[in-house]
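What follows is a set of notes on a single structure, which appears directly below.
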């Protein structure tokens, strides 16, 4: 029913308007006393106030009405002439001689306008609330994306719900730590009895949400966060409206959150609550995987360190008896212990070859452990790479010749000197040439070449491009090309892995530790250089390495 209040001291006007609005459609009342007027509108604001323009203190009365009844329509009752000062205070005007139906129409038009404005105001409020929630969700999502700390993610979830929903209390069970934790984020202080009740409720929720799992109430840790400790919640908290959501992703459960609010939750509140609870699950999963990755890496690093230490210890322990065996064989072979028969000489020679082979393996293991421990010593001096090539050719020519191979060099003339450790590069080149001899059949040729190249002009297999992507400037390039068994393209990278043996009958027959190329790679990295290869099965291989021109 439309409530109309008529303010006037004129009885004839009161009577006229009472006849117009004193019907069932309207709740019509009249007041002439200023004090009674204020008390009345304070108790219940009318929809429409008719205000006689002739009453004393009109502007003061109007001002008080506006302060109390912001949404009330004020219609002034005036003579034919309207005071300009009143225009800014009124919603409408009616005159004393205006027909009844026109007065009613004026009221209806203003009522429709009032309803439209109220609807618009309500829509604007709903829109503002929606925008506020969206902003809260966006801000919370941004905070989720900024950390991989699971405890912080749970805290950000609680803070996001507080911002978006203004709860009275949240009861959050976090399974992200080694032991379950109940986080109570409360508006007011909680008694020990109420905390015990919330713990019990948490256990019941846990048993209901996670079938087959149990939660020990006695060992459940509680973290309490209170905003305003001066006030205290009572057990009436459990009569508040509440919502519940699991925090999980797939088969991984991170806990749950229950939220209490003294006023009722709206459907929009429920959507916002469930959205935040779902949003936090993915970063919690990422944080879990990241933590597992860190722990796995730590274990791998420990295993790698133990392996390197084991290799170093074993290698040192093997070297001492091996030296004694070698010295003993030298003495026996020299005849100082008696005449050596032809048959004995054959076995002594076989033993010496295996001692030398075992010594090479131990040296490789020791080099590898030194490099990985960062204890390899380098002696960088200015020299010409062709000098190293000459040493290696001289040392291995007889070995190549004994296998029926032709070892040749194609050294670029006038190569500039650069700084490198000649002993280490000789070790690298010796390994490459020895491999070429090992895997090349009789009658073939092995070529060692050198040249000056620029990093931008280097032609390299796609799989090795990451090795040289950051290189620039001029380099000395050395290539060892053979006509041997070759390597399948899919195995090229594996050739530089520690202890790798490419699956090939001939390579198996040749044997080896699989450490030569990994050691060569790390020695060249210490020179700020690189190593790679090109190969084709049954057609041969080309191994390249470069060192910078300094």
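Summary of computed values
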{"quantity": "Failed condition for residue 443, given (1) part of a loop (DSSP other than H, G, I, E, B); (2) buried (at least 16 other Cβ atoms within 10 Å of the Cβ)", "calculated": "(2)"}
{"quantity": "Count of the range 413-422 residues which are surrounded by 14 or more Cβ atoms within 10 Å (Cβ to Cβ) and outside any strand (DSSP E or B)", "calculated": "4"}
{"quantity": "Condition check for residue 298: modelled with pLDDT of 90 or more and over 30 Å from residue 257 (Cα atoms)", "calculated": "yes"}
{"quantity": "Criterion: assigned by TED's automatic domain parsing to the domain that holds residue 232, farther than 30 Å from residue 291 by Cα and surrounded by 12 or more Cβ atoms within 10 Å (Cβ to Cβ) - qualifying residue of 173, 194, 134, 182", "calculated": "194"}
{"quantity": "Any chance residue 260 is modelled with pLDDT of 95 or more, part of a strand (DSSP E or B) and under 30 Å from residue 138 (Cα atoms)", "calculated": "yes"}
{"quantity": "Some residue of the range 112-123 being touching a strand residue (DSSP E or B) at 6+ places or on another chain (Cβ under 9 Å) and surrounded by fewer than 12 Cβ atoms within 10 Å (Cβ to Cβ)", "calculated": "no"}
{"quantity": "Some residue of the range 449-458 being in the same structural domain as residue 519 (by TED's automatic domain parsing), in a helix (DSSP H, G or I), crowded, with 17+ Cβ neighbours inside 10 Å and touching a residue at least 24 places away in the same chain (Cβ under 8 Å)", "calculated": "no"}
{"quantity": "Hits in the range 310-329 (condition: without any contact (Cβ under 8 Å) to a residue 12 or more places away in the chain and either farther than 30 Å from residue 374 by Cβ or in contact with a helix residue (DSSP H, G or I) (Cβ under 8 Å, 6 or more places away or on another chain) (or both))", "calculated": "324, 327, 328"}
{"quantity": "Every pair of residues 6+ apart whose Cβ atoms lie under 7 Å, when the first sits in the range 297-309 and is over 15 Å from residue 368 (Cβ atoms) while the second is in a helix (DSSP H, G or I) and at pLDDT 90 or above", "calculated": "none"}
{"quantity": "Qualifying residues in the range 222-257 (those that are out of contact with any helix residue (DSSP H, G or I) (no Cβ under 9 Å at 6 or more places or on another chain) and outside any strand (DSSP E or B)) - the one surrounded by the fewest Cβ atoms within 10 Å (Cβ to Cβ)", "calculated": "251"}
{"quantity": "Residue in the range 360-383 that is part of a helix (DSSP H, G or I), in contact with a strand residue (DSSP E or B) (Cβ under 6 Å, 6 or more places away or on another chain) and in contact (Cβ under 8 Å) with a residue 60 or more places away in the chain present", "calculated": "no"}
{"quantity": "Helices (runs of 4 or more DSSP H) within the range 84-203 that include 1 or more residues under 30 Å from residue 54 (Cα atoms) and over 33 Å from the mean Cα position of the chain (by Cα)", "calculated": "84-87, 100-145"}
{"quantity": "Qualifying residue in the range 305-321 (condition: more than 50 Å from the chain's Cα centre (by Cα), in a helix (DSSP H, G or I) and not assigned by TED's automatic domain parsing to the domain that holds residue 417)", "calculated": "yes"}
{"quantity": "Selection count, the range 327-346, where residues are surrounded by 13 or more Cβ atoms within 10 Å (Cβ to Cβ) and in a helix (DSSP H, G or I)", "calculated": "7"}
{"quantity": "Answer from 351, 277 - the residue that is farther than 22 Å from residue 184 by Cβ, touching a residue at least 12 places away in the same chain (Cβ under 8 Å) and either surrounded by 13 or more Cβ atoms within 10 Å (Cβ to Cβ) or out of contact with any helix residue (DSSP H, G or I) (no Cβ under 9 Å at 6 or more places or on another chain) (or both)", "calculated": "351"}
{"quantity": "Residue ID - nearest to residue 424 (Cα to Cα), chosen from residues in the range 371-392 that are surrounded by 14 or more Cβ atoms within 10 Å (Cβ to Cβ) and out of contact with any helix residue (DSSP H, G or I) (no Cβ under 8 Å at 6 or more places or on another chain)", "calculated": "380"}
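Every residue, every condition in (1) over 27 Å from residue 324 (Cβ atoms); (2) at pLDDT 90 or above, yes or no:
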| position | (1), (2) |
| --- | --- |
| 349 | no, no |
| 372 | yes, no |
| 383 | yes, yes |
| 392 | yes, yes |
| 396 | yes, yes |
| 406 | yes, yes |
| 419 | yes, yes |
| 427 | no, yes |
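Yes or no, residue by residue, for (1) loosely packed, with under 14 Cβ neighbours inside 10 Å; (2) closer than 23 Å to residue 118 by Cβ:
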position: 21; (1), (2): no, yes
position: 55; (1), (2): no, no
position: 64; (1), (2): no, yes
position: 79; (1), (2): yes, no
position: 104; (1), (2): no, yes
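The values are calculated or read from the model by the stated rules, or taken from the named source; none is laboratory data. Worth saying up front: this structure is predicted, and the values here are computed from it rather than measured. Virtual Cβ from ideal backbone geometry, glycine too; neighbours counted across all protein chains shown.
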